[in-house]
Amino acid sequence: MSAVRLYPIFADLAGRSVLVVGGGNVAERKVAALLETGAIVCVGAPVFAQRLVAWAENGRISLISGEFAEEWLDHQWLVIAATSDAAVNAAVAAAAERQRIWANVVDDATLSSFQVPAVIDRAPLVVAVSTSGAAPVLARLVREQIERMLDPSLGALAALADRWRGRIRGRLTDLGQRRRFLERLFQGRVAEFVRRGQIAVAESTLTRELDDAAVTPAQGSVVLVGAGPGDAGLLTLKGLRALNEADVILHDRLVSRDVLALARRDADLIEVGKEAGTHHTTQEGIHALLLEHARAGKRVVRLKGGDSFVFGRGGEELEFLHAHGIAFEVVPGVTAALACAAYAGIPLTHRDHAQSVRLVTAHCKASLDTLDWPALATGRQTLAVYMGVAGLERICAGLIAHGRAGTTPAALIENGSRSEQRVVLGDLANLPQRARAHAVKSPALLIVGEVAALGAQLHWFAAAPLGDAPEPTALPRVA
Ligand code: SAH
């Protein structure tokens, strides 16, 4: 039987009575959702789950004990049948049909006269998805897609617009002018402040914008976004949103194509950074570009590989923006250490092997010389070494010279999280030679410590590890 075409409605249940038949967990979930709408909820069942009893004791719902009887439906607007007994559910549906009360039977579209959609909740903004019962799993997938599209702060934004509706209408009587103003409101600075949780600032900005509803030059801003290690699935929802709103995106070479593909179509993409080989190669050059575009009123996204605050010079760029009075926001990204560890099956800490993790950079001889080698060579810890390919030999030798055993497991993860990822396993003594043999290139992350050996068993992504690692030595557990 093909699904009927449903008529979507949003029901105002505040102060209206609703019956839920069933006393288990499913009923409990339905009651929780109903209570949020302000419905007067009555639950009927022979026995009740604990939370239902607690709600009843607090006076939030009322209970009817016993087997379902048709008179339970008297004076109800809606009924939800949520029992595990198909016969009871059918009886509820039939009785509701006789009394012309809307009924939903959980997980039974054919018995239901109304269905509860999959919901994206940004109250007061609510998006409901239904396949008319044809394919609930598809509805769930669509819900997930929409969920990703809508920032969590949209609810607060809708509530704010509601509070201001009268005033905006009063000040901007022309419909087109009002529409443009509201479009700016929902996509501009006010929305941005709401997103940052700064409602008071949002309201004062709104006051000013309303006062000056004539066209004013837009204020530029910069969002520092961590793009993650390569797999676009690791970009955060906030990062994606920033990419969709950007006028200009200044990105490092390390940022993967897959992530860049998510950017707004007409955003201006500019590659910057050390290896780019363009005129934007110096840090000062990047600062100048940030300033130029922000001052021109653009929304600038500064997109960096991994996380901006982990060996990403994010701090310097923010100091510069702060000094020049440019507004900024920071969206974290999955840093290489976390991503490479995850995608190589190497837990960075482990109760048997490592109590702490250090993120270390070793990008040149000078930085190698200033490292605290004795501290790095102590046991029970994991080292995640960034930019360590060129200095690999010196790093391994340095650790051994300061007392870490040559048999300490170590792993080199090249292009972590990308389809071309390679993992080379070994120990401090043999890893440099193996890395040479396999011609490992940057970007690659070095992980040193007992945990590295676990990659031999726990790898799950892309190609199997090259080389092998010594058995990890289990250390006595502390607690
Ligand atoms: N801000 C970045 C790090 C920049 S430094 C972050 O948080 O990840 C650049 C170094 O990061 C590279 O030399 C390499 O050591 C490491 N790196 C970044 N992406 C990587 C990847 N996909 N695989 C392996 N190492 C990576």
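Worth pointing out:
- Reported count of residues in region 102-113, each being crowded, with 16+ Cβ neighbours inside 10 Å and not in a strand (DSSP E or B), is 4.
- Condition broken by residue 250, with the remaining ones in (1) open to solvent by 20 Å² or more (accessible area, probe 1.4 Å); (2) within 16 Å of the ligand (Cβ to nearest atom); (3) in contact with a helix residue (DSSP H, G or I) (Cβ under 7 Å, 6 or more places away or on another chain) satisfied: (1)
- Test: residue in region 435-447 that is more than 16 Å from the ligand (Cβ to nearest atom), modelled with pLDDT of 95 or more and open to solvent by less than 50 Å² (accessible area, probe 1.4 Å): no
- Selection status of residue 421, within 23 Å of residue 474 (Cβ to Cβ) and either open to solvent by less than 20 Å² (accessible area, probe 1.4 Å) or within 16 Å of the ligand (Cβ to nearest atom) (or both): no
Listed here are the residues, each with its yes/no results for (1) part of a strand (DSSP E or B); (2) surrounded by fewer than 17 Cβ atoms within 10 Å (Cβ to Cβ); (3) in contact (Cβ under 8 Å) with a residue 40 or more places away in the chain.
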| position | (1), (2), (3) |
| --- | --- |
| 120 | yes, no, no |
| 127 | yes, no, no |
| 145 | no, yes, no |
| 159 | no, yes, no |
| 164 | no, no, yes |
| 173 | no, yes, no |
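- Residue, surrounded by the most Cβ atoms within 10 Å (Cβ to Cβ), within region 356-392, restricted to residues that are within 11 Å of the ligand (Cβ to nearest atom) and more than 20 Å from residue 430 (Cα to Cα): 360
- Lone qualifier among 198, 187, 177 - being outside the structural domain of residue 413 (by TED's automatic domain parsing) and at pLDDT 90 or above: 198
- Screening region 194-212 for residues that are open to solvent by 20 Å² or more (accessible area, probe 1.4 Å) and not charged (D, E, K, R) and picking the one that is nearest to the chain's Cα centre (by Cα) gives 197.
- Test: residue in region 174-193 that is closer than 30 Å to residue 305 by Cβ and of a type in the set (D, E, K, R): yes
- Conditions (1) hydrophobic (A, V, I, L, M, F, W, C); (2) open to solvent by 50 Å² or more (accessible area, probe 1.4 Å); (3) touching a Leu at 6+ places or on another chain (Cβ under 8 Å); number of the one not met by residue 413: (2)
- Qualifying strands (runs of 3 or more DSSP E) (wholly inside region 254-349; at least 1 residues being of a type outside the set (Ser, Thr, Tyr), within 15 Å of the ligand (Cβ to nearest atom) and under 24 Å from residue 190 (Cα atoms)): 299-304, 327-331
- Candidates in region 393-415 are the residues that are within 16 Å of the ligand (Cβ to nearest atom) and either touching a helix residue (DSSP H, G or I) at 6+ places or on another chain (Cβ under 8 Å) or modelled with pLDDT under 95 (or both); of these, the one that is nearest to residue 256 (Cα to Cα) is 413.
- Considering region 147-157, the residues that are among the small types (Gly, Ala, Ser) and assigned to a helix (DSSP H, G or I) include one that is farthest from residue 122 (Cα to Cα), namely 156.
- Residue that is nearest to the ligand (Cβ to nearest atom), among those in region 451-474 that are in contact with a Gly (Cβ under 8 Å, 6 or more places away or on another chain) and not aliphatic (A, V, I, L, M): 461
The values are calculated or read from the model by the stated rules, or taken from the named source; none is laboratory data. Values in this document were obtained by computation on a predicted structure and should not be read as measured data. Ideal geometry is used to build each Cβ from the backbone, glycine not excepted, and the neighbour counts take in all protein chains shown. Side chains included, ligands, DNA and RNA excluded: accessible areas come from the protein's heavy atoms. Shrake-Rupley method; radii C 1.70, N 1.55, O 1.52, S 1.80 Å.
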